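Worksheet: one structure, shown below.
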Amino acid sequence: MAEPMGFFTDTTVCIGCKACEVACKEWNQLPATNGGHGTLSGDSYDNTRQLDGIHWRHVKFIEQFSPDRSQGRWLMMSDVCKHCVRAGCLEVCPTGAIIRTEFDTVVIQSDMCNGCRDCIGACPFGVIGVNPVSGTAQKCTLCYDRMKVGLEPACAKACPTKSINFGTIVDLKKMAQARMGQLQQTGETRAYLYGDDESMLGGLNSFYLLVDKPQVYGLPPDPQLPSRNLKASAVWSVVGAVVVGLMSVFSFRNRGGGDV
Amino acid sequence: MYPRSMVDSDCVVIQGSNMAECHPVAFRWPMQAKLKGAKLIHVDPRFTRTSAVADIHAPIRAGSDVAFLGGLVNYVLQSERWKRDAFFREFVVNYTNAATIVGDEFKDTEDLDGVFSGLMRYAPSVKEWPLDGFVGQYDTRTWQYAAAPAGPRATPPAGPPFDPLVRSLLTPPPRRDETLQQPRTVFQIVKRHFSRYTPEMVERVTGCPKETFLKVAETILANSGRDRTTSFAYAVAWTQHTNGPQTIGCCALLQLLLGNIGRPGAGVMALRGHASIQGSTDVPTLYHSIHGYMNHPSALKRHDSLRDWLLTETTPRGYWANTPKFMVSYLKSMYGAAATKENDFGYDWHPRIIGDHSHLPMFVAMNEGRVKGLLCIGQNPATSLNASVERKGLARLEWLVVKDNWLTETATFWQNSPEIKSGQLRSQDIRTEVFFFPAAQVAEYDGSFTNTQRMLQWHFKAANPPGDCRTDLWFTHQLARRLKQMYAHSTLPRDEGFKHLVWEYDSDDPHERERGEPDAHKILKEINGYYTDQPDRHLAGFGDLKDDGSTTCASWIYCGVFPAPDRNLAARKQADPPGAPGAQLDWGWAWPANRRILYNRASADREGRPWSERKKWVWWDGAKWTGYDVPDFAPTKAPLSKAAPDAIGLDALSGTEPFIMKADGVGWLYVPGGLADGPLPAHYEPVESPVPNPLYRQQSSPVLKYWKLDGNALAPLGDQRFPHIMTTYRLTEHYLSGAMSRWSPWLTELQPEFFVEISPELAAEKGIGNTDWIAVSTPRGRIRAKALVTRRMRVFTIDGRTVHHVGMPFHWGYQGLSTGDAANELTALVGDPNVSIHEGKAFMCNVEKA
């Protein structure tokens, strides 16, 4: 297995240019919503709104201004699949279409996907959707095809300000720590890393430097796997089985002896 | 300066530009500077993508940049730090014209309440072209330096050689006072001129809170000096005003005072349009200039013969003394063997201009029926400035050629324009015959781009264009060939130029030849130049040029890019090793002479030593100039050497005079010649403004251009029908009029609809909700758009009044996947007196719920 690879997205240098979105679509040949005929969302400069089967990169725009404008920030963040070390989508996929690659990334094999959509509900970040062209669940592959030949993912290649950094997880963590140190030195005390350690789903192979609460960016503060419910649902399954068993016992109790 | 140099800045001020939005790729350099600890400042009416990553956002009213910059000049001159720091004094006394004394007749705006001496009524020069549009004009004679009177001028001999002619132009040098105390020194005039640009006045005029202004001023001053440098970056939000060049000049003035010119991480970064806008002024599509920034022969000047042209255009001191070599080599490239010493190298065959033939007056002329045909390549006037007037002009043409990738608004104006849709006009009544030529894309041919840092980079053909699509080179090549054929047997004197025009660019590649495509390398060779008698011997640099016809060179500034048939330096892609302090000299080729920072002799002190280790760039090593860059100075002229008396060219400049293109070798704080609207920048209100000029009685530039015609009315001062300031701009997601971007679904889904940005305060006042349809109007037109209500737009208080801004991207039109009204239905045909650019960044409008 190759070394684990991923993204470190430094949102403090993102300029919201969306070059990542376009580069992703161009490389992966993803269609535009409704052939490009859209409606103004009214939500800042965000008109694609979400990650889904045809948007594998998505730039969020968050406007924070006090009424008198004395305080103001316009946060931008390029979001993508987190390639979780413990991935919910992979857990639930019934056909084995979702695999962990030699780069420790998570990829949906389109030809194995039966379109059941279980993974869509299982992802705590909401990154998966059905691509209407293929009819299958799709999301970022971390440009598996490019990585196979030693190229960096299209989005990271296109990013003009190095907001999206691609590399080995080891290097990216070092880079992130260095940047954290630099920000703290300049007085940006709100900066923190999201998903860089194992406490979050075993670690996110796409992790972020943020300057506000995760919810502000539409990220779950404490993402969970679908298997978190396993214990409880196992107990309930047993209880259910017992109830059904007992009911059958009671229902059919008299059947043998009764007259027809 | 060049964008990469911004990495070396300790402070980057972006004003008149939304760099992150509009130049996102170049913006990597300020971001890298920021990651190294530099301060990033954005001065802009709106809070934009650039403001989002800036350390300070200073909001100013659209159209008040000179007031803000003038405030900075005054702040610097009044500051104790500037007065005490020996660096500033050494830089300013030696490297600028601060010590030069201005003639007694000059009167400043402080003396004449907003105008300079020499203001006159404007009278058109020729009756054939009454379209220059000036509302007034300056006689610039009173603006000159004080000098001993020139002796009688001997009648210069005709050349070549032209040296005696150049020598005959020498006049006594201007007087100087290096103590800077004499009241007529440039320094004292500048100080008085800006003395009323106080922080309080800045707040009153621009609406920027005084505290924010002071924070900006302190940051800039703290990051300027011997060991630190500040750079400025601007784009068309400085140029698209009736005083654009003065705004840029004001910034240059400030940067000279701060010693921020000719040094790493310093300067004024002109962020030019994408691709090859720089190239299109170097080898120009401009009407008033021929290759290499020489003035176009004109019927309005003493340009009757080559000798007259040279006498009028040559400056005897400084590098422009070589003008005869540039001009004769240019004429040789135009007319080849037919250009001889005896016929003035074909000068008489060269066309001459009779006035302002730039975009705005040309469309006025079209409206008057003076223009027969238009070749429209890479432009989309149907949604351009005051679009309905432009379309009216198009409708009066006999023929129109549009060459583009898509059927643009211009190509379909006769079919789909608002006038047709509203029934005002019927297609069958438009007589213009429209030809559409499908264009090849850039990856489909060889050629060069010249980017904003004057760097040529070669691009290679990757694929054949589809179908009938052809390159722009093909079009020009085929047109020229056909015209030459047409004129071949003409006996009219006016056709001599076409008959002798050298045009030998056929491709040697059989496939390209069959397609009719020319050879881009042959064109590059013509631009670079060669020895007339040995066409295979390319010129190695403009130092090789001669004034006797023995060299042929289309554009002297590009001379050296192609020094040998097998060495196209624009095609180089060799980066410096990581961390090296160099200027990436083996990456592409930058004119002039592959120099990356102009006037870089200023990066060393008088004695030729780097100002500091940290800001080392070019220095004197005891025998020659050396450094990280190509030195911009006579290579072996010692730092303290004296100018030779009565010499011409570079010999007329001393070893301490870095600005070698200037006759006096120094940077100009005060501009005695070359500008139409004054030697110093003064704050003028835009043509349409919400307030009386708080600084002078003169409201707007007294010499701006305005074309009075139907559909071009202006809102008078205080017009309550149009109370808000409109400013137009672009988005990252789209490109210019959208002629390329609104056809790409990947881009239209990112910005699907035309919108207008307004503040929640204005929205509440007008009962407008987010994404509501609204109507925006000016005296020129009325359009519909969706409202994007955002706190990134703010309310300004200008001179005690509440003023709202309305922001509008200009990318839409009636063709493409995403259509919408064109912002330019609202703009006016008004122009700057120097370059005739329109005022699209500040005018008055109204908004209401539609």
- Note on the structure: Of (1) within 7 Å of chain B (Cβ to nearest Cβ); (2) surrounded by fewer than 16 Cβ atoms within 10 Å (Cβ to Cβ), A:VAL22 satisfies every one except (2)
- Query: Residues in the range B:795-816: is at least one within 11 Å of chain A (Cβ to nearest Cβ), surrounded by 21 or more Cβ atoms within 10 Å (Cβ to Cβ), among the aliphatic types (A, V, I, L, M) and within 21 Å of B:SER51 (Cα to Cα)?
  - Reply: no
- Message: Of everything in the range A:162-206, what is farther than 23 Å from A:LYS139 by Cα, at pLDDT 95 or above and within 12 Å of chain B (Cβ to nearest Cβ)? Give them in sequence order.
- Response: A:MET175, A:ALA178, A:ARG179
- Task: Please find, within the range B:735-753, the residue that is farthest from the other protein chains (Cβ to nearest Cβ) out of those that are surrounded by fewer than 24 Cβ atoms within 10 Å (Cβ to Cβ) and in a loop (DSSP other than H, G, I, E, B).
- Result: B:LEU736
- Task: Please work out which residue is nearest to B:PHE363 (Cα to Cα), limiting yourself to the range B:396-429 and to residues that are surrounded by 21 or more Cβ atoms within 10 Å (Cβ to Cβ) and among the aliphatic types (A, V, I, L, M).
- Result: B:LEU400
- Query: Does any residue in the range B:804-815 that is over 13 Å from B:ALA237 (Cβ atoms) come within less than 9 Å, Cβ to Cβ, of a residue that is part of a loop (DSSP other than H, G, I, E, B) and among the acidic types (Asp, Glu) six or more places away or on a different chain, and which pairs are these?
  - Reply: B:HIS811/B:GLU733; B:TRP812/B:GLU753; B:TRP812/B:ASP821; B:GLY813/B:GLU409; B:GLY813/B:ASP821; B:TYR814/B:GLU409; B:TYR814/B:ASP821; B:GLN815/B:GLU409
- Mind checking whether some residue in the range B:681-703 is in contact with a Pro (Cβ under 9 Å, 6 or more places away or on another chain) and not in a loop (DSSP other than H, G, I, E, B)? no
- Message: Of everything in the range B:97-124, what is assigned to a strand (DSSP E or B) and within 12 Å of B:TRP143 (Cα to Cα)? Give them in sequence order.
- Response: B:ILE101, B:VAL102, B:LEU119
- For the range B:264-318, how many residues are part of a loop (DSSP other than H, G, I, E, B) and not hydrophobic (A, V, I, L, M, F, W, C)? 21
- Message: Test of understanding: among A:ILE54, A:ILE15, A:ILE62, which residue is surrounded by fewer than 19 Cβ atoms within 10 Å (Cβ to Cβ), within 12 Å of another protein chain (Cβ to nearest Cβ) and at pLDDT 95 or above?
- Response: A:ILE62
- Query: Across the range A:65-90, what is the number of residues that are in contact with a strand residue (DSSP E or B) (Cβ under 9 Å, 6 or more places away or on another chain), outside any helix (DSSP H, G or I) and more than 10 Å from every other protein chain (Cβ to nearest Cβ)?
  - Reply: 11
- Can you give me the ranges of the strands (runs of 3 or more DSSP E) entirely in the range A:155-260 with at least 1 residues that are under 30 Å from the mean Cα position of the chain (by Cα), among the β-branched types (Val, Ile, Thr) and assigned by TED's automatic domain parsing to the domain that holds A:VAL85? A:164-168
- Listing of helices (runs of 4 or more DSSP H) fully contained in the range B:1-92 that carry 1 or more residues being aliphatic (A, V, I, L, M) and away from every other protein chain (no Cβ under 14 Å): B:65-78
- Task: Give the residue that is nearest to A:LYS148 (Cα to Cα), with candidates limited to residues of the range A:72-109 that are buried (at least 16 other Cβ atoms within 10 Å of the Cβ) and among the small types (Gly, Ala, Ser).
- Result: A:ALA97
- Item | Positions within the range B:466-500 being under 32 Å from the mean Cα position of the chain (by Cα) and either within 30 Å of B:ALA235 (Cβ to Cβ) or part of a loop (DSSP other than H, G, I, E, B) (or both), in sequence order | B:CYS469, B:THR471, B:ASP472, B:LEU473, B:PHE475, B:THR476
- Message: For the range A:27-39, which positions are facing another protein chain (nearest Cβ under 7 Å), in a loop (DSSP other than H, G, I, E, B) and surrounded by fewer than 18 Cβ atoms within 10 Å (Cβ to Cβ)?
- Response: A:HIS37, A:THR39
- Which members of the range B:173-216 meet the condition of being part of a loop (DSSP other than H, G, I, E, B) and buried (at least 20 other Cβ atoms within 10 Å of the Cβ)? B:PHE194, B:TYR197, B:GLY207, B:CYS208
- Item | Output for the range B:528-564, where each listed residue is surrounded by fewer than 23 Cβ atoms within 10 Å (Cβ to Cβ), touching a residue at least 40 places away in the same chain (Cβ under 8 Å) and not acidic (Asp, Glu) | B:THR532, B:GLY541, B:LEU545, B:LYS546, B:GLY549, B:ILE557
- Task: Check the range B:444-462 and report whether any residue there is crowded, with 20+ Cβ neighbours inside 10 Å, in contact with a Pro (Cβ under 8 Å, 6 or more places away or on another chain) and aromatic (Phe, Trp, Tyr).
- Result: yes
- Please determine, by comparing only the residues of the range B:771-794 that are part of a loop (DSSP other than H, G, I, E, B) and in contact with a Leu (Cβ under 7 Å, 6 or more places away or on another chain), which one is farthest from the other protein chains (Cβ to nearest Cβ). B:PRO779
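The values are calculated or read from the model by the stated rules, or taken from the named source; none is laboratory data. Bear in mind that the values here come from a model prediction, so they are computed numbers and not experimental data. Every residue, glycine as well, gets a Cβ built from its backbone with ideal geometry; the counts of neighbours run over all protein chains shown.
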